[in-house]
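The values are calculated or read from the model by the stated rules, or taken from the named source; none is laboratory data. Note that the structure is predicted; figures quoted are calculated from it, not measured. Counting neighbours? That spans all protein chains shown, and the Cβs are built from the backbone with ideal geometry, glycine included. The area values use the complete protein model at the heavy-atom level, side chains included, leaving out ligands, DNA and RNA. Shrake-Rupley method; radii C 1.70, N 1.55, O 1.52, S 1.80 Å.
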Amino acid sequence: MRNRDLSTAMAIMLLRTLAFFTLAVNLATCQSFIGVNYGQVADNLPPPSATAKLLQSTSIQKVRLYGSDPAIIKAIANTGIGIVIGAANGDIPGLASDQNFAKSWVDANVAPFYPASNIILITVGNEVLTSGDQGLISQLVPAIQNVQNALDSSSLGGKIKVSTVHSMAVLKQSEPPSSGSFDPGFGDVMKWLLAFNSATGSPFAINPYPYFAYRSDPRPETLAFCLFQPNGGRFDSKTNIKYMNMFDAQVDAIRSALDSMGAKNVEIVVAETGWPYKGDSNEVGPSVENAKAYNGNLIAHLRSMAGTPLMPGKSVDTYLFALYDENLKPGPGSERAFGLFKPDLTMTYDVGLSKTRQTPSTPSSTPSTPSTTPSTPSTTPSTPSAVPQTPVNPSAPKPKKAAWCLPKAGVSDSQLQANIDYVCGHGFDCSPIQQGGACFEPNTVQSHAAYAMNLLYQTAGGDPLNCDFSQTATLSSNNPSYDGCHYPGGST
């Protein structure tokens, strides 16, 4: 009888495990918030048809082109993948001064391919406001408006959005995030642009790069903050929010700047973000370990649907930089080393984008620092991994009655947030701890982590091996459920 019970329990656990992986695969097919940049400054790229197949084998649901290469647009047709195409900075004067030129541009680059090719956004120019070219800056909004007019005349105005892409340098102030404000030097141009975004529902697209923030402040604590790894956080005294990663801080600084301009309804899109996996010997920050940690932890953060502190419960559409290396780009070596995939279509490093494998290898627990940075004394304890590994502790005690998996006392918010990202980023239903959910309040990392960690433990069959989370979890016989919020619980 005992053997039969054991067999039944093992069968249930197997079914639950299979259900978990099914959820993970299903999640991969609907992650519309994960995109990638497809640059073409290279002479060794695979054919567009091969790239289209590669994209379909991943959870990438959107691709951004810097131009409007018809071969690529055609190759991605009928895949459902969203496509962002771009009008170059050099096209702006013609688009701004001549409505017929704008109409011809749309007729050549959009109309022949849509809707088979799912073009969702046209970006007019890249980082124009911070280019220093006053003539180009003054022509930006008229160019955008003329492209919009051309779409409207082709009955595409309500289907394809138009915007432009900005660097983080559009901000005059970004720290703390609540003080985010645009450079007043942009004056009316920014007002006109935001009015257009608001009226048409088009996004405000930005290029946040924590990598550049670290490069200008190469301290170990800054690196951990940029890589979503355990760190002391940065406190915003105005909002009483402690930011645990640079990505959220940068995006929320833009949110604050938009809100201060009355553009609260304008959505943010992250048009570029990434980390180089190699660089020149004098460059600070590039390494496979750092690139894998940044991109892998960013993807887990997006999948958790935690959002940012000022925009909780929803992941910002984010385009990773980049799909491939661009071997003809000028500048330091890092400029040619952002690719997630090689020209032979193999992964440069695994960040969990493949539909057949959603869990990336654990990033290096200790942030990789360049040789120019003073080494950490050997007496400093190593930092736990940003992505918790479970199970890892075969000696965990086996409970004899109902048990719940909860955080240990004294565990940092950054470690608990990593646990949340791990669970919610791997197919488990975290909607109860998202805004509006039954367990959202109290809105603390401690409370949300308790729910998420217990959810994984119970779904995996209540096996104590699945209540470790890099030694940040413990089993408790005290039911943590409270009025309106039920924690699943059981016995082993």
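For this structure, a couple of remarks:
- One residue from ALA75, ALA71, ALA108 being open to solvent by 10 Å² or more (accessible area, probe 1.4 Å), touching a Ser or Thr at 6+ places or on another chain (Cβ under 6 Å) and in the same structural domain as SER163 (by the TED database): ALA75
- Just one of the numbered conditions (1) touching a strand residue (DSSP E or B) at 6+ places or on another chain (Cβ under 6 Å); (2) touching a residue at least 60 places away in the same chain (Cβ under 8 Å); (3) over 17 Å from ASN265 (Cβ atoms); (4) hydrophobic (A, V, I, L, M, F, W, C) is not true of MET168: (1).
- Among the residues of this structure, SER163 does not count as one that is within 30 Å of GLY233 (Cα to Cα) and surrounded by 14 or more Cβ atoms within 10 Å (Cβ to Cβ).
- Sole residue being at pLDDT below 95 and either among the β-branched types (Val, Ile, Thr) or open to solvent by less than 60 Å² (accessible area, probe 1.4 Å) (or both), chosen from GLY86, GLY125, GLY157, GLY82: GLY157
- Going through (1) open to solvent by less than 20 Å² (accessible area, probe 1.4 Å); (2) more than 23 Å from the chain's Cα centre (by Cα); (3) at pLDDT 80 or above one by one, SER481 falls short only on (1).
- Total residues in the stretch 401-448, condition of a type in the set (A, V, I, L, M) and either within 20 Å of the chain's Cα centre (by Cα) or at positive phi (or both): 6
- Some residue of the stretch 13-33 being open to solvent by less than 50 Å² (accessible area, probe 1.4 Å) and either in contact with a Pro (Cβ under 9 Å, 6 or more places away or on another chain) or at pLDDT 50 or above (or both): yes
- Selection of first residues in the stretch 70-93 that are farther than 17 Å from ASP107 by Cα and touching a residue at least 40 places away in the same chain (Cβ under 8 Å) and of second residues that are among the hydrophobic types (A, V, I, L, M, F, W, C) and open to solvent by less than 10 Å² (accessible area, probe 1.4 Å), restricted to Cβ pairs under 6 Å at least 6 apart or on distinct chains, gives the following pairs, ordered by first then second residue: ILE76/ALA52; ILE76/ILE83.
- Subset of the stretch 273-327 (residues that are basic (Lys, Arg), in contact with a Ser or Thr (Cβ under 8 Å, 6 or more places away or on another chain) and open to solvent by 20 Å² or more (accessible area, probe 1.4 Å)): LYS278, LYS292
- Residue within the stretch 112-121 that is touching a residue at least 60 places away in the same chain (Cβ under 8 Å) and surrounded by 19 or more Cβ atoms within 10 Å (Cβ to Cβ) present: yes
- Filtering the stretch 268-312 to residues that are polar (S, T, N, Q), out of contact with any helix residue (DSSP H, G or I) (no Cβ under 6 Å at 6 or more places or on another chain) and either closer than 21 Å to VAL445 by Cβ or assigned to a helix (DSSP H, G or I) (or both) leaves ASN290, ASN295, ASN297.
Let's see how each residue does on (1) within 21 Å of the chain's Cα centre (by Cα); (2) buried (at least 23 other Cβ atoms within 10 Å of the Cβ):
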position: PHE212; (1), (2): yes, no
position: LEU227; (1), (2): yes, yes
position: GLY233; (1), (2): yes, no
position: LYS238; (1), (2): no, no
position: MET246; (1), (2): yes, yes
position: ALA263; (1), (2): no, no
position: ALA271; (1), (2): yes, yes
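- Looking at GLN458, GLN471, GLN446, just one residue is more than 26 Å from THR308 (Cβ to Cβ), touching a residue at least 24 places away in the same chain (Cβ under 8 Å), open to solvent by 20 Å² or more (accessible area, probe 1.4 Å) and part of a helix (DSSP H, G or I), and that residue is GLN458.
- Sole exception among (1) surrounded by fewer than 21 Cβ atoms within 10 Å (Cβ to Cβ); (2) touching a strand residue (DSSP E or B) at 6+ places or on another chain (Cβ under 9 Å) for ASP133, by number: (2)
- Only helices (runs of 4 or more DSSP H) whose full extent lies in the stretch 179-234 are considered here, and the ones with at least 3 residues that are more than 18 Å from SER167 (Cβ to Cβ) and modelled with pLDDT of 95 or more are 187-200, 220-226.
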